[in-house]
């Protein structure tokens with residue numbers, strides 16, 4: 001026994017010979033650490049050498065670049081000197097050619113007829129005497145011009161040269177000058193004109209030059225034949241004046257964040273208008289000068305748009321949107337006025353302003369989305385006038401946070417719309433309306449997140465974020481739906497009515513400013529399409545509410561189905577006809593009670609909004625029958641070969657469908673869709689039972705029996721289970737039902753296989769005595 005214990009101890013405690021001493025471990029790891037450190041040191045040294053080489057190469061290349069720059073400057077200077085030398089040589093060559101031509105002409109005349117020369121020798125002597133007189137006059141003229149230049153009498157010198165050129169037209173052109181005196185005189189005259197031109201340019205470049213002095217300079221250049229240069233100086237002068245005005249105003253821009261853009265627009269377009277008018281008076285209607293005016297105006301407009309962007313408030317603020325709107329309004333008005341001066345700048349202005357305006361709109365709507373998505377609310381107050389606040393305040397008793405979210409939505413949309421000017425609406429109204437519809441869709445997604453129950457809509461975004469508000473009770477959920485419908489159908493149309501009015505006025509006018517300034521591609525929105533977008537968002541919210549509401553009714557908390565096929569299988573009785581008190585199955589009795597309770601709450605929360613109540617209750621009923629029609633598990637059990645089918649089960653299902661249709665008729669809301677789906681369910685059930693040998697013709701009573709039984713069941717449930725006749729639901733002899741919804745008549749007559757009744761009633765859930773229905777009595781005819 002001791003030997004066994006010792007062997008176990010040896011197994012538990014292995015031999016100590018396998019343990020490595022601590023000193024050996026320290027030696028091994030110390031050596032490895034030192035090797036690693038040495039390796040890192042070597043790598044760092046290599047890196048240091050590489051960096052030093054790189055710095056040296058960079059310095060060398062930089063010095064070489066500086067040398068090349070100096071050489072380029074010197075080369076440019078040498079090229080300028082060479083160009084001057086070439087010009088001087090060209091003038092010398094021209095003079096030599098003129099002298100040679102003169103010598104050749106004289107030699108040719110000398111070689112002519114000697115006799116004729118002898119006979120006319122006396123005449124030539126007289127001509128030589130008189131030919132010296134014009135030369136003396138030219139010399140005197142040049143001396144006179146030089147004196148005027150020396151005395152800075154520029155206008156008199158220009159007038160003298162202009163008069164001389166008018167007296168001798170050959171001085172203006174570059175015609176063939178066969179006389180040396182005329183050629184030399186023309187060259188001397190051109191030299192003095194160049195001197196005058198330089199003096200005029202110097203005067204125009206002086207900062208203190210006035211408008212009158214500038215006009216004299218331009219007039220002098222025109223007389224000297226320098227029209228293009230004069231126009232260039234003219235545009236440069238007006239550009240300088242505009243620049244000085246803008247610089248003086250830019251210092252005041254922060255004081256006027258919303259109107260500074262209009263002032264800039266006025267400065268720019270006023271100068272363009274003035275320059276165009278003065279150019280026409282001074283230079284005439286020459287197309288060359290007109291084109292230059294247009295090019296200069298386009299360049300100034302580009303500068304205007306750039307200045308507006310650079311000095312604008314942050315683009316996401318309402319002040320930036322107002323500044324952009326005012327700029328568009330003022331600039332387009334100026335463009336319209338300039339069209340009278342044959343300046344068409346509207347398209348260019350829109351091309352330049354459109355990206356900026358769209359950027360400001362995008363950032364403003366992003367800010368609006370942040371405000372709307374903030375369900376927790378902020379400290380920032382957003383006051384609304386009673387006109388907008390009163391319709392929403394009726395829901396404040398259910399939950400204040402929900403009402404605040406709706407008010408924030410209306411406030412931010414109203415704030416954006418108020419910043420828009422008329423011409424901005426004309427050009428960007430369709431874009432703005434589309435963005436508002438998208439913002440409302442985002443708001444609806446916020447409300448969907450606030451509804452209880454898991455969502456099945458994969459298209460909704462940002463649903464994984466924490467939700468600060470939950471609508472858990474029926475009152476809160478109905479208030480949520482009422483808020484959304486009130487905004488979409490009452491408040492939002494009031495907010496955007498200004499946009500629609502401007503667009504409709506422009507459409508009805510069919511001319512004027514809109515036709516002239518609208519861009520080639522203008523995004524417009526049809527009112528019906530826009531309202532359809534809002535309705536689509538509302539339908540998404542309503543369907544989500546109905547889906548989760550019906551699912552919470554059909555499925556228990558344990559996930560079990562209350563409405564399954566087992567209620568139509570088996571059964572004690574053979575026929576409901578012989579039952580003294582036939583009633584719908586328990587799930588449909590519960591559905592009736594659930595709808596009654598919801599109608600009572602809706603009557604309080606949605607007071608005065610009967611249309612919303614009826615549409616909502618109709619959709620809830622539709623959702624139940626749609627679920628039953630599409631539930632594969634239900635039909636899989638009912639259509640399975642092992643299912644025990646009896647006529648009483650088919651009768652119960654048909655009665656339930658008739659009961660559902662009569663609920664809709666009794667409530668007074670549209671039942672056409674419910675009628676159709678119920679007919680399809682009955683037809684499918686009849687087919688399943690027929691396949692098992694059950695004859696529907698012999699098993700099912702007449703349709704009138706189901707109708708009367710369903711009506712009686714409604715009355716019994718309303719009376720709390722006590723018996724009563726069916727006189728409370730009046731029959732209508734007309735077989736067709738006509739339901740009026742939104743001014744549209746919907747004929748509700750079906751020839752479906754079920755032949756469901758189309759009896760109408762004018763009563764509604766809201767008119768029922770709900771004090772007796774707080775706890776609806778659920779009875780089972782089979783039990």
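The values are calculated or read from the model by the stated rules, or taken from the named source; none is laboratory data. As the structure is a prediction and not an experimental result, all values here were calculated from the model. A quick note on method: Cβ atoms are made from the backbone with ideal geometry, for glycine too, and the neighbour counts reach across all protein chains shown.
Results for (1) within 21 Å of residue 715 (Cβ to Cβ); (2) buried (at least 19 other Cβ atoms within 10 Å of the Cβ), shown as yes or no for each residue.
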site: 565; (1), (2): no, yes
site: 591; (1), (2): yes, yes
site: 597; (1), (2): yes, no
site: 611; (1), (2): no, no
Which one of the conditions (1) in a helix (DSSP H, G or I); (2) surrounded by 14 or more Cβ atoms within 10 Å (Cβ to Cβ) does residue 198 fail to meet, given that it meets all the rest?
(2)
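Each row is one residue, and each column tells you yes or no for (1) at pLDDT below 85; (2) farther than 30 Å from residue 184 by Cβ; (3) surrounded by 10 or more Cβ atoms within 10 Å (Cβ to Cβ).
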position: 14; (1), (2), (3): yes, yes, no
position: 17; (1), (2), (3): yes, yes, no
position: 25; (1), (2), (3): yes, yes, yes
position: 33; (1), (2), (3): yes, yes, yes
position: 54; (1), (2), (3): no, yes, yes
position: 91; (1), (2), (3): yes, no, yes
position: 97; (1), (2), (3): yes, no, yes
For residue 290, all conditions in the list (1) within 20 Å of residue 335 (Cβ to Cβ); (2) touching a helix residue (DSSP H, G or I) at 6+ places or on another chain (Cβ under 7 Å) hold save one; what is the number of the exception?
(2)
Quick check on this structure: which one of 409, 428 is within 29 Å of residue 477 (Cβ to Cβ), crowded, with 22+ Cβ neighbours inside 10 Å and modelled with pLDDT under 95?
409
Would you pick out the residues in region 299-308 that are buried (at least 18 other Cβ atoms within 10 Å of the Cβ) and within 22 Å of the chain's Cα centre (by Cα)?
305, 308
Kindly list the number of the only condition in (1) under 23 Å from the mean Cα position of the chain (by Cα); (2) in a helix (DSSP H, G or I) that fails for residue 315.
(2)
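Might you let me know whether region 502-510 holds any residue that is out of contact with any helix residue (DSSP H, G or I) (no Cβ under 8 Å at 6 or more places or on another chain), modelled with pLDDT of 85 or more and in a helix (DSSP H, G or I)? Spell out how you get there, then give the answer.
To start, the set of residues in region 502-510 that are out of contact with any helix residue (DSSP H, G or I) (no Cβ under 8 Å at 6 or more places or on another chain) comprises 504-505, 507-510.
Add one more test, that the residue is modelled with pLDDT of 85 or more, and what stays is 504-505.
In the following step, the residues that additionally are in a helix (DSSP H, G or I) were identified as 504-505.
Checked against the condition, which is being out of contact with any helix residue (DSSP H, G or I) (no Cβ under 8 Å at 6 or more places or on another chain), modelled with pLDDT of 85 or more and in a helix (DSSP H, G or I), region 502-510 yields at least one hit.
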Regarding residue 337, is this residue in a helix (DSSP H, G or I) and surrounded by 20 or more Cβ atoms within 10 Å (Cβ to Cβ)?
no
Taking residue 206 as meeting all but one of (1) outside any loop (DSSP other than H, G, I, E, B); (2) at pLDDT 75 or above, write down the number of the exception.
(1)
Out of the residues in region 246-275 that are more than 28 Å from the chain's Cα centre (by Cα), free of Cβ contacts under 8 Å to residues at least 40 places away in the same chain and under 23 Å from residue 314 (Cβ atoms), state the one that is surrounded by the most Cβ atoms within 10 Å (Cβ to Cβ).
249
Checked against (1) in a helix (DSSP H, G or I); (2) without any contact (Cβ under 8 Å) to a residue 12 or more places away in the chain, residue 676 satisfies every condition except (2)
For region 714-736, indicate whether the set of residues that are in contact with a strand residue (DSSP E or B) (Cβ under 8 Å, 6 or more places away or on another chain) and either modelled with pLDDT under 50 or closer than 25 Å to residue 596 by Cβ (or both) is non-empty.
yes
